[in-house]
Amino acid sequence: MATVKCSIPKGTRDFLPVEMARRNYIFDTIRSVFKTFAFEPIETPSLENLSTLMGKYGEEGDKLLFKVLNSGDFMDGVDFTQDYHKVAPQICERGLRYDLTVPFARFVVQHRDQVVFPFRRYQLQPVWRADRPQKGRYREFYQCDADMIGSTSLLNELELVQMIDMVFGRLGINVCVKINNRKVLAGIAEMIGAPERLVDITVAIDKLDKIGLDNVRAELRERGLDEKQIAALDPVFALEGDAGLKLGTLDKMFENVEVGRKGVEELKTLFGYIEAAALKCDVELDLTLARGLNYYTGAIFEVKAKDVQIGSICGGGRYDNLTGIFGMPDVSGVGISFGADRIYDVLTELNAFPEGLEQAARVMFINFGAAEQAACVAIAARLRASGIGTLIYPDAAKMKKQMEFANRKGIPYVAFVGESEMKDGTVTLKNMQDGSQETMTVDSLIEKLK
RNA sequence: GUGGGCGUAGUUCAGCUGGUUAGAGCGCCAGAUUGUGGAUCUGGAGGUCGUGGGUUCGAGCCCCACCUCCCACCCCA
């Protein structure tokens, strides 16, 4: 048989035990914070009906959806001379989920009779995007989402920010939380007389700190705004000072713009809460923050690591009518998503993982041969019953080889049960760190390793 | 989708203006050391130089195509 090339698809990864220990550290930290804030876990399938996913993430998002070919004779009765966009939905009824928020909205609508509102759920699962991989960007990656649905209270927004603060505080990552509000962006668009160009305006404004004011103006021009409209944006670019000051100025600018005033009011309330909450991390109002996912309608969040150059490591926002698409209108939700893989990259670059995360076994028994092995099996059973991670080296290999194995695996203790120990019913325990060893009964062994 | 870079042993890389049998460190296996690991020393295995074509007396090196991975843009976790 011909050998097959060993490889995995572009943008996917295998995880070694060391990496898994570190990933689980991240997941455990996030999960424990979610639980602390009274969120409950759910899971949804990797595959969703494509009709559930399409059109929720904007034009770009649709392109990045992994589509799954129908099973059976999927070509039957399909006119393949048509345009790709027409053919694709006919031969692909399902796709891999792109995020956890849209499937969650579907979940809520589908199980509305079993869900108690306001509902708080968390979900730690992989998502897939047919993006071109690069630093901090993968085709398969984990999102850790927490959403509350069925309440418009801004207390929810505050709690999300508090969770962000707690997670990154525990992980030891310095972050800056950027907050904006889609209603403010809509207000700006309305104010300059181009409410239908909201997306174009926000995408251009979003690039302000990256490409500079002149290039933003050029991009707005390219996107079809006239000079008068572009000039009308000047007071927005000229905003200065802290959140309170900016919001005060904006409020006046929005004298005749109701959405804008509503957005400013929400932000004022939220920033008031945040001030009272005395968080450890930085929180700032960033009017250039737009976020592409087009289902957001209120607050939007993005978290950047301050000491590592990488895309955002957490993001989210409020969506007023995501469930409406599935036939359940007027249910507002708000949530955030932690990017576990990017957080992993940040911790790696900062060298900030705690020591000793992986521990295959606490003690390993040296294998001297058949008779001794039987004695070890009995002792190991007792250790395991006491919850002590125990390993018996499977072969009566050379001592050097067995010791080397224990050493490389970082097993802290090695136990010897040879002829003399068997006779006395004892075990000789060696501390692999300092090399010391002592002979003891099984009872005191359990006591020591517990 | 657009642009840039890389590809040589398990791995990290070296390999001169094209010239005999392609090297090193780490890792791996064995031994020095038959109930004691990390250090040291000795020996050994391991490569169709990403794939295919071309130029040449001769290609790891030059040219073309393809593939892969990495990086940037777009967008995003």
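The values are calculated or read from the model by the stated rules, or taken from the named source; none is laboratory data. This structure is a prediction, so every number in the text was calculated from the model and none was measured. Every residue, glycine among them, receives a Cβ derived from its backbone with ideal geometry; neighbour counts consider all protein chains shown. For accessibility, only protein heavy atoms count, side chains too; no ligands or nucleic acids. Shrake-Rupley method; radii C 1.70, N 1.55, O 1.52, S 1.80 Å.
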Worksheet item: If you take the square roots of the eigenvalues of the alpha-carbon gyration tensor of segment A:85-206 and sort them as a ≥ b ≥ c, do you get rounded (a/c under 1.5), prolate (a/b over b/c) or oblate?
Response: rounded
Worksheet item: Based on the Kirkwood radius over alpha-carbon pairs, what is the Stokes-Einstein translational diffusion coefficient of chain A at 20 °C with 1.002 mPa s viscosity, in µm²/s?
Response: 83
Worksheet item: If each of A:Ser386 and A:Asp282 carries a label point 7 Å out from its Cα toward its Cβ, how far apart are those two points in nm?
Response: 5.2
Worksheet item: Full extension from A:Arg221 to A:Gln82: what is 0.36 nm times the residue separation minus their Cα-Cα distance, to one decimal in nm?
Response: 46.6 nm
Item to complete: Only loop residues by DSSP count here, and only those with at most 16 other Cβ atoms within 10 Å; note down the trypsin sites (Lys or Arg not before Pro) in segment A:51-143 that meet that.
Response: A:Arg112, A:Lys135
Discussion item. Between A:Asn407 and A:Ala38, what's the calculated FRET efficiency when r is the beta-carbon distance and R0 is 41 Å? Round to 0.05.
Written reply: 0.35
Practice prompt. Please give the residues of segment A:170-207, grouped as numeric ranges, whose backbone N is less than 20 Å from a label point set 7 Å along the Cα-to-Cβ vector of A:Glu265.
Written response: A:180-191
Fill in: Apportionment of accessible area to carbon and sulfur, segment A:263-327, percent (1.4 Å)
45
Worksheet item: If amide H atoms are built 1.01 Å from N in the plane of the peptide, which residues on other chains or at least 5 residues away come under 5 Å of the amide H of A:Asp282?
Response: A:Val175, A:Val177
Worksheet item: Using 7 Å Cα-to-Cβ label points, what is the A:Phe74/A:Asp209 separation (nm, one decimal)?
Response: 4.2
Worksheet item: So what's the angle, to the nearest 10 degrees on a 0 to 90 scale, between helix A:340-350 and the longest Cα principal axis of chain A?
Response: 70
Worksheet, complete the sentence: Taking a straight Cα-to-Cα line shorter than 25 Å from A:Lys35, and setting aside same-chain lysines fewer than 8 residues away, one finds A:Lys178, A:Lys280, A:Lys304
Worksheet item: To the nearest 0.05, what FRET efficiency results for A:Arg13 and A:Glu255 with a Förster distance of 35 Å applied to their C-beta separation?
Response: 0.10
Worksheet item: How much space per residue, in cubic angstrom, does the convex hull of the C-alpha atoms of segment A:303-389 take up?
Response: 216
Discussion item. Can you tell me the convex hull volume per residue for segment A:240-388, based on C-alpha atoms, in Å³ to the nearest whole number?
Written reply: 236
Item to complete: Tell me what chain A gives for mean residue ellipticity at 222 nm when only DSSP H runs of n ≥ 4 count, each as -39,500 (n - 2.57), the sum divided by the residue total, rounded to 500 deg cm²/dmol.
Response: -12500 deg cm²/dmol
Worksheet item: Roughly what angle does helix A:258-277 make with the longest principal axis of chain A, taking Cα atoms, 0 to 90 degrees, to the nearest 10?
Response: 30
Practice prompt. Under 24 Å Cα to Cα from A:Lys401, which lysines show up? Leave out anything in the same chain fewer than 8 places away.
Written response: A:Lys409, A:Lys430
Worksheet item: Given springs between every Cα pair under 10 Å in a Gaussian network model of chain A, which of A:Lys268, A:Lys398, A:Lys207 has the largest fluctuation?
Response: A:Lys398
Worksheet, complete the sentence: Residue separation between A:Leu357 and A:Gln110 times 0.36 nm, minus their alpha-carbon distance, gives in nm 84.9 nm
Discussion item. Just to confirm, what accessible area per residue do you get for chain A at 1.4 Å probe, in whole Å²?
Written reply: 51
Worksheet item: Remind me, relative contact order of chain A in percent, using alpha carbon pairs under 8 angstrom and six or more residues apart?
Response: 16
